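The values are calculated or read from the model by the stated rules, or taken from the named source; none is laboratory data. Given the structure is predicted, the values throughout are model-derived calculations rather than measurements. Counting neighbours? That spans all protein chains shown, and the Cβs are built from the backbone with ideal geometry, glycine included. Note: accessible area is taken over every heavy atom of the protein model, side chains too, but ligands, DNA and RNA are not part of it. Shrake-Rupley method; radii C 1.70, N 1.55, O 1.52, S 1.80 Å.
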Amino acid sequence: MCTDTNRRQLLGALGSGLAVGLVASEAKGATVTALGITCIDYRLVDDAVHFFDSHKMTKDYDQVSLAGASLAAVSAKFPSSNAAFWDHIGIAITLHHIKKVIMIDHRDCGAYKVAFGKDYKADHAGERAQHKAVMEEVKAKLAKLHPELQSEFYLMALDGKTERVI
Ligand SMILES: [Zn+2]
(Lines give C-alpha, C1' and ligand atoms only; values in the text may rest on other atoms or scores of the structure.)
Protein backbone atom coordinates (compact mmCIF):
# COMPACT_ATOMS: atom_id res chain seq x y z
CA MET A 1 0.00 0.00 0.00
CA CYS A 2 1.33 3.43 -0.95
CA THR A 3 0.71 5.81 1.97
CA ASP A 4 1.80 9.43 1.83
CA THR A 5 4.67 8.62 4.18
CA ASN A 6 5.80 5.71 2.01
CA ARG A 7 5.55 7.92 -1.04
CA ARG A 8 7.64 10.67 0.56
CA GLN A 9 10.28 8.14 1.62
CA LEU A 10 10.36 6.66 -1.87
CA LEU A 11 10.71 10.08 -3.54
CA GLY A 12 13.42 11.03 -1.04
CA ALA A 13 15.37 7.85 -1.85
CA LEU A 14 14.98 8.45 -5.58
CA GLY A 15 16.12 12.05 -5.17
CA SER A 16 19.27 11.17 -3.25
CA GLY A 17 19.98 8.33 -5.70
CA LEU A 18 19.77 10.81 -8.55
CA ALA A 19 22.06 13.24 -6.73
CA VAL A 20 24.62 10.49 -6.07
CA GLY A 21 24.43 9.50 -9.75
CA LEU A 22 25.05 13.06 -10.90
CA VAL A 23 27.98 13.55 -8.53
CA ALA A 24 29.51 10.24 -9.65
CA SER A 25 29.16 11.07 -13.35
CA GLU A 26 30.65 14.54 -12.84
CA ALA A 27 33.52 13.11 -10.84
CA LYS A 28 34.59 10.87 -13.70
CA GLY A 29 34.27 13.78 -16.15
CA ALA A 30 31.10 12.40 -17.74
CA THR A 31 33.12 10.80 -20.50
CA VAL A 32 31.56 8.58 -23.15
CA THR A 33 33.24 6.76 -26.01
CA ALA A 34 31.24 8.01 -28.95
CA LEU A 35 28.62 10.18 -30.55
CA GLY A 36 26.17 8.04 -32.50
CA ILE A 37 24.49 9.71 -35.46
CA THR A 38 21.43 8.00 -36.90
CA CYS A 39 18.62 8.85 -39.29
CA ILE A 40 15.28 9.89 -37.82
CA ASP A 41 13.48 6.95 -39.47
CA TYR A 42 10.92 5.41 -37.08
CA ARG A 43 11.44 1.92 -38.49
CA LEU A 44 14.97 1.66 -37.14
CA VAL A 45 14.99 3.60 -33.87
CA ASP A 46 14.89 0.38 -31.82
CA ASP A 47 17.44 -1.31 -34.10
CA ALA A 48 19.88 1.55 -33.51
CA VAL A 49 19.59 1.03 -29.75
CA HIS A 50 20.17 -2.72 -30.28
CA PHE A 51 23.21 -1.90 -32.42
CA PHE A 52 24.85 0.14 -29.67
CA ASP A 53 23.87 -2.38 -26.98
CA SER A 54 25.37 -5.23 -29.01
CA HIS A 55 28.59 -3.24 -29.37
CA LYS A 56 28.73 -3.06 -25.55
CA MET A 57 28.10 0.69 -25.62
CA THR A 58 24.99 0.91 -23.44
CA LYS A 59 25.12 4.32 -21.70
CA ASP A 60 28.49 4.94 -23.36
CA TYR A 61 27.39 7.14 -26.26
CA ASP A 62 25.62 10.38 -27.02
CA GLN A 63 23.13 10.30 -29.86
CA VAL A 64 21.71 12.70 -32.39
CA SER A 65 19.22 11.81 -35.10
CA LEU A 66 19.15 13.80 -38.34
CA ALA A 67 17.43 12.77 -41.57
CA GLY A 68 19.97 10.87 -43.70
CA ALA A 69 22.53 10.41 -40.87
CA SER A 70 25.88 10.92 -42.66
CA LEU A 71 24.09 12.74 -45.48
CA ALA A 72 23.09 15.44 -42.98
CA ALA A 73 26.74 16.42 -42.67
CA VAL A 74 27.33 17.39 -46.27
CA SER A 75 24.15 17.58 -48.37
CA ALA A 76 23.39 21.02 -49.82
CA LYS A 77 19.71 20.00 -49.65
CA PHE A 78 19.76 20.18 -45.84
CA PRO A 79 21.80 23.25 -44.80
CA SER A 80 20.38 23.48 -41.27
CA SER A 81 21.14 19.77 -40.77
CA ASN A 82 24.72 20.43 -41.90
CA ALA A 83 25.07 22.98 -39.11
CA ALA A 84 23.36 20.79 -36.51
CA PHE A 85 25.56 17.82 -37.42
CA TRP A 86 28.84 19.64 -36.89
CA ASP A 87 27.55 21.62 -33.90
CA HIS A 88 26.65 18.40 -32.09
CA ILE A 89 30.04 16.86 -32.67
CA GLY A 90 31.53 19.95 -31.03
CA ILE A 91 29.02 19.77 -28.17
CA ALA A 92 29.71 16.05 -27.56
CA ILE A 93 33.46 16.75 -27.47
CA THR A 94 33.00 19.59 -25.00
CA LEU A 95 30.51 17.86 -22.72
CA HIS A 96 31.55 14.22 -22.87
CA HIS A 97 35.02 14.09 -24.44
CA ILE A 98 34.03 11.64 -27.17
CA LYS A 99 36.78 9.77 -29.00
CA LYS A 100 34.75 8.52 -31.91
CA VAL A 101 31.81 9.28 -34.17
CA ILE A 102 29.64 6.36 -35.27
CA MET A 103 27.31 7.01 -38.18
CA ILE A 104 24.50 4.65 -39.08
CA ASP A 105 22.90 5.21 -42.48
CA HIS A 106 20.13 2.89 -43.59
CA ARG A 107 18.67 1.44 -46.76
CA ASP A 108 15.46 2.88 -48.29
CA CYS A 109 16.29 6.25 -46.70
CA GLY A 110 13.86 9.04 -47.63
CA ALA A 111 16.55 11.71 -47.22
CA TYR A 112 18.77 9.98 -49.79
CA LYS A 113 15.80 9.81 -52.18
CA VAL A 114 15.26 13.57 -51.78
CA ALA A 115 18.94 14.41 -52.17
CA PHE A 116 19.67 12.25 -55.20
CA GLY A 117 16.20 11.95 -56.79
CA LYS A 118 16.47 8.20 -56.91
CA ASP A 119 14.68 5.21 -55.41
CA TYR A 120 17.27 2.53 -54.75
CA LYS A 121 14.86 -0.35 -54.10
CA ALA A 122 15.93 -2.21 -57.27
CA ASP A 123 19.59 -1.24 -57.04
CA HIS A 124 21.07 -2.72 -53.88
CA ALA A 125 24.70 -2.26 -54.95
CA GLY A 126 24.11 1.25 -56.27
CA GLU A 127 22.48 2.22 -53.00
CA ARG A 128 25.49 1.02 -51.02
CA ALA A 129 27.86 2.84 -53.41
CA GLN A 130 25.90 6.09 -52.96
CA HIS A 131 26.09 5.82 -49.17
CA LYS A 132 29.79 5.00 -49.38
CA ALA A 133 30.48 8.08 -51.52
CA VAL A 134 28.72 10.33 -49.00
CA MET A 135 30.46 8.62 -46.08
CA GLU A 136 33.88 9.18 -47.68
CA GLU A 137 33.08 12.86 -48.07
CA VAL A 138 32.04 13.08 -44.41
CA LYS A 139 35.11 11.14 -43.27
CA ALA A 140 37.41 13.54 -45.14
CA LYS A 141 35.68 16.58 -43.65
CA LEU A 142 35.74 15.06 -40.18
CA ALA A 143 39.49 14.37 -40.52
CA LYS A 144 40.03 18.04 -41.38
CA LEU A 145 37.82 19.51 -38.65
CA HIS A 146 38.48 16.96 -35.88
CA PRO A 147 41.59 14.92 -36.69
CA GLU A 148 41.60 13.59 -33.12
CA LEU A 149 38.34 11.70 -33.65
CA GLN A 150 38.01 8.16 -34.97
CA SER A 151 35.04 7.33 -37.15
CA GLU A 152 32.97 4.32 -38.16
CA PHE A 153 30.32 4.28 -40.87
CA TYR A 154 27.60 1.64 -41.10
CA LEU A 155 24.69 0.85 -43.39
CA MET A 156 21.65 -0.74 -41.78
CA ALA A 157 19.12 -2.85 -43.66
CA LEU A 158 15.43 -2.57 -42.84
CA ASP A 159 15.62 -5.79 -40.82
CA GLY A 160 18.18 -4.10 -38.55
CA LYS A 161 21.20 -6.00 -39.87
CA THR A 162 24.17 -3.66 -40.12
CA GLU A 163 27.35 -3.75 -42.17
CA ARG A 164 30.38 -1.53 -41.73
CA VAL A 165 31.02 0.43 -44.95
CA ILE A 166 34.14 2.41 -44.02
ZN1 LIG B 1 16.57 7.74 -43.36
- Item | Under 17 Å from the Cα of LYS118 - lysines, other chains or at least 8 residues apart | LYS77, LYS132
- Where does each of 98-107, 128-137 land if you order them by average Cβ count within 10 Å, highest first? 98-107, 128-137
- Using 1/(1 + (r/R0)^6) with R0 = 25 angstrom and r between the beta carbons of SER54 and LEU145, what's the FRET efficiency to the nearest 0.05? 0.30
- Item | Percentage of interatomic Cα-Cα distances in the range 28-129 larger than 23 Å | 30
- Note on the structure: Note on the range 37-166, DSSP bridge orientation, antiparallel percent to nearest 5 equals 20
- Task: Quickly work out the ALA76-to-ALA157 label distance, labels modelled 7 Å from Cα along the C-beta direction, and quote it in nm with one decimal.
- Result: 3.5
- Message: Could you work out how much longer the chain between ASP108 and ALA84 gets when fully extended? Use 0.36 nm per residue separation minus the Cα distance between them, nm to one decimal.
- Response: 6.4 nm
- For q = 0.13, 0.18, 0.23, 0.28 Å⁻¹, Debye-computed log10 I/I(0) when each Cα of the range 69-115 counts as one equal scatterer: -0.33, -0.60, -0.84, -1.03
- Query: Can you list the residues, at least 5 places off or on another chain, whose amide H is less than 5 Å from the amide H of GLY36, using H built in the peptide plane?
  - Reply: ASP62, GLN63, VAL64, ILE102
- Pairwise FRET efficiency - LYS99 versus ASP123, Cβ, R0 = 41 Å, nearest 0.05: 0.70
- For the range 68-166, give the percent of accessible area contributed by carbon and sulfur heavy atoms, probe 1.4 Å, rounded to a whole number. 57
- Item | Long-range HN-HN contacts of GLN150 with modeled amide H, under 5 Å | LYS100, VAL101
